[in-house]
Amino acid sequence: MQERYTPADIEKKWQQLWDEQSTFVADTSSTLPKFYLLEMFPYPSGRIHMGHVRNYSIGDVVARFKRLRGFNVLHPMGWDAFGMPAENAAIQNNIHPAKWTFENIANMRTQLKSMGFSYDWSRELATCDPDYYRWEQLIFLKMFEKGLAYKKSSFVNWCPSCQTVLANEQVEDDGCWRCDSKVEQKELEQWFFRITAYAEELLEATNHLPGWPETVLTMQRNWIGRSTGCEIDFPVAGRSQSIRIFTTRQDTLFGATFMSLAPEHPLALELTVPERRAEVEAFIAKVKTQDKIKRSSDDFEKEGVFTGSYCINPVTEHKMPIYLGNFVLMDYGTGAVMAVPTHDQRDFEFARKFDLPMVVVIEPQGVLLNPETMTEAWTGPGHLVNSGDFDGLANEVAKEAIADALERRKIGKKTVNYRLRDWGVSRQRYWGTPIPIIYCDDCGMVPVPESELPVILPTDVPFTGEGGSPLAKSAKFVEVSCPKCGKAARRDTDTFDTFVESSWYFARYCSPQATDAPVDKAQVDYWMPVDQYIGGVEHAVMHLLYARFFCKVMRDLGFLSADEPFTNLLTQGMVCKETQSCPTHGWLYPEEVVDGQCTKCGTSAFAGRTEKMSKSKKNVVDPDKLIAQYGADTARLFSLFAAPPEKHLEWNDQSVDGCYRFLNRVWRLVFEHRHLASAGGFEQDGPARNLRRLTHRTIRKVTEDIDGRFHFNTAIAAIMELVNGISSFEGKTTHPAVMREAVETVVRLLAPFVPHLTEELWSHLGHAEGLEAAGWPVWDAEAIIDDEKVIVVQVNGKMRGKITVAADLGEDEVKAQALAEANVARALAGQTIRNVIVVPNRLVNIVIG
């Protein structure tokens, strides 16, 4: 009989047993209600970190809790395995991305299993496996058939030195992360998914996701950015062309005095007169090196160049000079902006800089605005001036009136615009899913036949990270025959954005062994949507939006029936730890600081801010070391107890040690009471009733805190209070059944949090079957009712004493006991009682005077 808590032995034993018995394998033939629990799957970077421990511990509590409550739970795990980190590692370590990735998967799988997470490993998938991405390629082909996948020119980050495309995160301070060369914008043919076709549905459905955090929904609404306005055509002077703009401020149309085009606009050079071409080309080249996000920020310097051409304001018929502006982006609207300097601050600053005309067209009530004396644009409400027939109208009313007039004159139309742009999915990189398209000189763009899928990513190509993707240099990969005419053709050498893989993996988990379609429809319709999804809020407008889009596309392609992928979403906080640094050696690991000094140079070390755990800041905690010292259950318990899931968790070594001591205390408690009999009545004496009341109140508290609230920290605190309560009742009651029920309740309530310890203790309590067979405890409504109540007694609103009375005592008896309380009686001596007010079960207030 094991008398001492030894986590290493216990955890290994139960992990092996769960594995042998396939304890967590989901069964779609079950008659139990289903519950699909999913955490965002990890990138196989090599080792798990405390962020993983926390995220997956949160999910595991919910999965185990639901299983104990009688649900058929699906809780899978896999690997978001394609992407840039593998390429970076390949370059830095001279190792093939495939080898690096699969070695990391093996390491991380072992680590996750050592945490005791209740995953159905039979459904494990890796997105770099051809058995996975072949179906992604099929979905793409179906989207291509429907016009939801298409190709067009777009600008990408380009390193002229490395001769390769860079992801946004590979651009550091406008330079290449590898060689520091100035990064420029280069126009390339790119594949896009037409997510804008679903913009309205994606937006409207945010009103029907009550299980999502409002912050995430707001971010998605803003990202989709629905706006109602007008498209207006501005004729180019002396040409048959027009420049189309979109505006939500058609009420300011009479004040438009110049036109701003994005440097990437297709008319930018076409409209440039010969004598200004050199200056315009130099400006375009300069803007190509500027970050798009910085260009659109308010504090970025507004720069521009005159093209030498003019357009005509369609309502004033005034000529408007056409400028290129670095603040105008081709990705927004039409890439052309009618500039109204008196009513837009950005335009105001630009007009002042280039001495461009200004016309006031909206004035606030009772104020006359003079463009020559204005120090900033007026962007508030008012009535129209200098606007022809619309003078005097409130500007909001004028919006509709001017829109109607534009449509009558056929120079504009009302329209709805979205900030959302189609999703660019081409990547000129190697480690990703090949795009299944073939190019033939005679037949053009030809889809790879479905029977020839997957187009497998070759692993026998040299990878240096320079000169673009190695796929383009592999004749064996590129050179193929056209599926239509049989002539020589070439493959597309781009790969998919890795967000594509993570946009449908949740559906594949439902039937990962399906061999004739991306999913087995019966299986996916049984499990989908995911009942609870868990991950970081940083994915609000990328992964979470793309996943919603893909779910709707797969629905419309007939692969599944769900409208939305995730019913409920929990966004967990980060794991943070205090940093330490040395003026000479920078960030320091904890072991590099002794007695407050840097061990490298003896200089005093400085404790910095508490920040997200990061290798670069050397404030990480290795989960393997934590498990070796304390066990996985302690690591789980601390990550769940230290802070609510949605808040940041601040690392504290003392708190970790405290969690370990608590588990040891639970271990001793069970061993001290494991021989108690469970037979006998519960309602025997006062102490027994009180302990039973505490037991069942704790069951209720923990159940409510876990179920939907995710208040794991307060749930654990309640269990700790029950343990304290059991200790305080020892020796006060002679009823073993009450004590045993309390001890077993501690074990059962802790089961989702610390599964290894609780299974071991449950077996020591003499149970032949595991905790899942016992199920989740249910509180007894009668047991939680108080026998007695503590009543506060006040005299003229000031507390004078307390009385303890039977919970069912009548009001007259309560009054009598309140008046007889010693301190109260002294306060009432010689006084006239005017009234006695009784608030049931709370207080008695005696009014005197």
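The values are calculated or read from the model by the stated rules, or taken from the named source; none is laboratory data. Since we're looking at a predicted model, the values are computed, not measured. Every residue, glycine as well, gets a Cβ built from its backbone with ideal geometry; the counts of neighbours run over all protein chains shown. The accessibility values were calculated without ligands, DNA or RNA, using every heavy atom of the protein model including side chains. Shrake-Rupley method; radii C 1.70, N 1.55, O 1.52, S 1.80 Å.
Which condition does GLY116 not pass, out of (1) of a type outside the set (Asp, Glu); (2) within 26 Å of PHE283 (Cβ to Cβ); (3) crowded, with 16+ Cβ neighbours inside 10 Å, if it passes all the others?
Of (1) of a type outside the set (Asp, Glu); (2) within 26 Å of PHE283 (Cβ to Cβ); (3) crowded, with 16+ Cβ neighbours inside 10 Å, only one is false for GLY116: (2).
So the check is Cβ under 7 Å with 6+ separation or different chains; which pairs have a first residue in segment 524-538 that's farther than 8 Å from TYR36 by Cα and at pLDDT 95 or above and a second one that's among the hydroxyl-bearing types (Ser, Thr, Tyr) and open to solvent by 30 Å² or more (accessible area, probe 1.4 Å)?
Close Cβ pairs (under 7 Å, with a partner that is among the hydroxyl-bearing types (Ser, Thr, Tyr) and open to solvent by 30 Å² or more (accessible area, probe 1.4 Å)) amount to ASP525/SER561; TYR526/THR28.
Among the residues of segment 808-836, how many are open to solvent by 70 Å² or more (accessible area, probe 1.4 Å) and within 30 Å of GLU782 (Cβ to Cβ)?
Summing the residues that are open to solvent by 70 Å² or more (accessible area, probe 1.4 Å) and within 30 Å of GLU782 (Cβ to Cβ) in segment 808-836 gives 5.
Residue by residue through segment 149-161, note down the ones that are touching a residue at least 40 places away in the same chain (Cβ under 8 Å) and closer than 15 Å to MET445 by Cβ.
Within segment 149-161, ALA149, TYR150, LYS151, LYS152 qualify.
Based on this model, can you work out whether HIS383 counts as in contact with a strand residue (DSSP E or B) (Cβ under 8 Å, 6 or more places away or on another chain), modelled with pLDDT of 95 or more, open to solvent by 20 Å² or more (accessible area, probe 1.4 Å) and not β-branched (Val, Ile, Thr)?
Answer is yes for this residue.
Could you figure out which of (1) part of a helix (DSSP H, G or I); (2) under 30 Å from GLN15 (Cα atoms); (3) open to solvent by 10 Å² or more (accessible area, probe 1.4 Å) isn't true of THR758?
Of (1) part of a helix (DSSP H, G or I); (2) under 30 Å from GLN15 (Cα atoms); (3) open to solvent by 10 Å² or more (accessible area, probe 1.4 Å), only one is false for THR758: (3).
Inspect all residues belonging to segment 71-84 and state whether any of them is open to solvent by 20 Å² or more (accessible area, probe 1.4 Å), out of contact with any Ser or Thr (no Cβ under 7 Å at 6 or more places or on another chain), touching a residue at least 24 places away in the same chain (Cβ under 8 Å) and in a loop (DSSP other than H, G, I, E, B).
yes
Farther than 24 Å from GLY631 by Cα, hydroxyl-bearing (Ser, Thr, Tyr) and not in a loop (DSSP other than H, G, I, E, B): is that true of TYR36 in this structure?
The answer is yes for TYR36.
Against the condition touching a residue at least 60 places away in the same chain (Cβ under 8 Å) and assigned to a helix (DSSP H, G or I), how does THR316 come out, does it pass?
In short, no.
Does ARG490 count as among the basic types (Lys, Arg) and closer than 30 Å to VAL216 by Cβ?
no
Please go through segment 1-28 and give me each residue that is assigned to a loop (DSSP other than H, G, I, E, B), out of contact with any strand residue (DSSP E or B) (no Cβ under 9 Å at 6 or more places or on another chain) and open to solvent by 50 Å² or more (accessible area, probe 1.4 Å), ordered by number.
MET1, GLN2, GLU3, ARG4, GLN21, SER22, VAL25
Considering each residue of segment 10-44, count those that are modelled with pLDDT under 95 and among the charged types (D, E, K, R), and give that number.
Adding up the residues that qualify gives 1.
Given the condition of a type in the set (D, E, K, R), closer than 22 Å to MET40 by Cβ, part of a loop (DSSP other than H, G, I, E, B) and open to solvent by 10 Å² or more (accessible area, probe 1.4 Å), answer yes or no: does some residue in segment 524-544 qualify?
Within segment 524-544, one or more residues are of a type in the set (D, E, K, R), closer than 22 Å to MET40 by Cβ, part of a loop (DSSP other than H, G, I, E, B) and open to solvent by 10 Å² or more (accessible area, probe 1.4 Å).
Quick check, is LYS142 closer than 30 Å to HIS75 by Cβ and either touching a residue at least 24 places away in the same chain (Cβ under 8 Å) or open to solvent by less than 10 Å² (accessible area, probe 1.4 Å) (or both)?
Yes: the conditions hold for LYS142.
If you take the residues of segment 207-233 that are among the β-branched types (Val, Ile, Thr), over 15 Å from TYR546 (Cβ atoms) and in a helix (DSSP H, G or I), which of them is most open to solvent (accessible area, probe 1.4 Å)?
Among them, the one singled out is THR215.
Looking at segment 764-807 only, could you name the residues that are among the β-branched types (Val, Ile, Thr), in contact with a helix residue (DSSP H, G or I) (Cβ under 8 Å, 6 or more places away or on another chain) and not in a loop (DSSP other than H, G, I, E, B)?
Answer for segment 764-807, where residues must be among the β-branched types (Val, Ile, Thr), in contact with a helix residue (DSSP H, G or I) (Cβ under 8 Å, 6 or more places away or on another chain) and not in a loop (DSSP other than H, G, I, E, B): ILE791, VAL793, VAL795, ILE803, VAL805.
Can you give me the number of residues within segment 85-110 that are touching a strand residue (DSSP E or B) at 6+ places or on another chain (Cβ under 9 Å) and within 14 Å of THR127 (Cβ to Cβ)?
Result for segment 85-110: 4.
Which of (1) surrounded by fewer than 18 Cβ atoms within 10 Å (Cβ to Cβ); (2) more than 30 Å from SER469 (Cα to Cα) does ALA199 not meet, given it meets every other one?
Looking at each condition in turn, ALA199 falls short on (1).
Working only within segment 662-677, note down all residues that are modelled with pLDDT of 85 or more and charged (D, E, K, R).
ARG665, ARG668, GLU672 - these are the residues of segment 662-677 that are modelled with pLDDT of 85 or more and charged (D, E, K, R).
How many of the residues in segment 335-346 are touching a Phe, Trp or Tyr at 6+ places or on another chain (Cβ under 8 Å) and more than 15 Å from GLN250 (Cα to Cα)?
1
Could you tell me which of the residues THR459, THR498, THR464 is open to solvent by 30 Å² or more (accessible area, probe 1.4 Å) and within 22 Å of the chain's Cα centre (by Cα)?
THR498
If you take the residues in segment 250-298 that are modelled with pLDDT under 95, among the β-branched types (Val, Ile, Thr) and part of a helix (DSSP H, G or I), which one is farthest from PRO321 (Cα to Cα)?
ILE293
Just the residues that are aliphatic (A, V, I, L, M) and touching a helix residue (DSSP H, G or I) at 6+ places or on another chain (Cβ under 6 Å), please, taken from segment 174-197.
ILE195, the sole residue that qualifies.
Pairs only if they're at least six apart or on different chains, beta carbon under 6 angstrom, first in segment 826-849 and free of Cβ contacts under 8 Å to residues at least 12 places away in the same chain, second open to solvent by less than 80 Å² (accessible area, probe 1.4 Å) and of a type outside the set (Ser, Thr, Tyr); list them, first residue then second.
ILE837/ASN845
Go through segment 627-654 and count every residue that is assigned to a helix (DSSP H, G or I), among the aliphatic types (A, V, I, L, M) and either in contact with a strand residue (DSSP E or B) (Cβ under 8 Å, 6 or more places away or on another chain) or crowded, with 19+ Cβ neighbours inside 10 Å (or both).
5
Which one of these is crowded, with 16+ Cβ neighbours inside 10 Å and modelled with pLDDT under 90: VAL805, VAL844?
None of the other options fit; the residue is VAL805.
Can you confirm whether ALA488 is touching a helix residue (DSSP H, G or I) at 6+ places or on another chain (Cβ under 7 Å), closer than 27 Å to PRO447 by Cβ and open to solvent by 20 Å² or more (accessible area, probe 1.4 Å)?
no
Is it the case that GLY59 is open to solvent by less than 10 Å² (accessible area, probe 1.4 Å), out of contact with any helix residue (DSSP H, G or I) (no Cβ under 9 Å at 6 or more places or on another chain) and either at pLDDT 90 or above or of a type in the set (Asp, Glu) (or both)?
Taking the combined requirement at face value, the residue satisfies it.
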